[in-house]
Amino acid sequence: GALLPPPGQSDPSGTLPLRRRGHFSKCPEEYKYYCVKGRCRYVVSEQTPACVCERGYTGARCERVDLFYLTGDQDQIVVICLIAAMVSLIVLIICICTCSHHCRKRRRKRKEEEMEALDKALPPKSEDVLEMDIA
């Protein structure tokens, strides 16, 4: 059977009584601002307005912020921050290893130069032996 428009409302298209229009239809003008953050759809079988909410909103009239939607965003941000922190930590460890290796090389070179300088400054060992024998 054909569905009749709700009491007190007229059918603007004039086709509703002639053929069934599916489960949802466009909201009447009086429900234009029914949904806070979403699109209004009229449930024909129930003869009541319903809302198709925008992303991030929930509720009968899309009046509430969807905390699970925001939590999903926060989870993504946390994961991205953790990845960035791990990459930074790896880069820091590589820098520390490179610097310490470079510093060790420099220290070894300096010690070798000091040893060479000491060897040149010290008299030959044969002279030391002679001095001891004399004393």
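General observations
- 5 angstrom amide H check on ALA60, placed H, neighbours 5+ away: none
- Using θ = phi - 60° and Karplus 6.51 cos²θ - 1.76 cosθ + 1.60, couplings along segment 103-108 (whole Hz; Gly, Pro as x): 5, 4, 4, 5, 4, 4
Just so you know, all these numbers are worked out from the coordinates, no wet-lab data involved. In this text, all values refer to a predicted model and were calculated from it rather than measured experimentally.
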